[in-house]
Amino acid sequence: MGGMSDPPMPPERPKVEPEIILPGEPGPRPRGASWMWVSSGRGQGRTLRFETRGPLSLVTALLMLGLGSAVVLALLLGLVLLWIPVSIAIAAAILWSFLRRRP
């Protein structure tokens, strides 16, 4: 049993050190925009900017989601309402064909 005699591995050090906030200092600062350089390896690249979104963006996204859902619901309801008179006409035609055959 060679695995049992191996010395134990030391624990891994954390990859990120915790931030120490001194008494009287403000808490963690809110993060703003983050920048990242992206390169294709041919000497060309571009800078990407990632920003945090505010409450107005959340409200706008929810309104757009609601509007899209309302459009889909209206289309489905219109499709159902279109087929109601068509199905009534088909049922009436079938009923009339049965009534005309009877002597």
Got at least one residue in the stretch 27-37 being at pLDDT 70 or above, surrounded by 10 or more Cβ atoms within 10 Å (Cβ to Cβ) and either of a type outside the set (A, V, I, L, M) or touching a strand residue (DSSP E or B) at 6+ places or on another chain (Cβ under 6 Å) (or both)?
-> no
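Has the stretch 85-94 got any residue that is within 34 Å of the chain's Cα centre (by Cα), hydroxyl-bearing (S, T, Y) and modelled with pLDDT of 85 or more?
No, every residue in the stretch 85-94 fails to be within 34 Å of the chain's Cα centre (by Cα), hydroxyl-bearing (S, T, Y) and modelled with pLDDT of 85 or more.
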Give just the number: which of (1) modelled with pLDDT of 70 or more; (2) surrounded by fewer than 10 Cβ atoms within 10 Å (Cβ to Cβ) does G41 not satisfy?
-> (1)
S57 being at pLDDT below 95, under 25 Å from the mean Cα position of the chain (by Cα), part of a helix (DSSP H, G or I) and not hydrophobic (A, V, I, L, M, F, W, C) = yes
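The values are calculated or read from the model by the stated rules, or taken from the named source; none is laboratory data. Owing to the predicted nature of the structure, the values given are computational and were not obtained by experimental measurement. In this analysis, Cβ positions are derived from the backbone assuming ideal geometry, glycine residues included, and neighbour counts consider all displayed protein chains.
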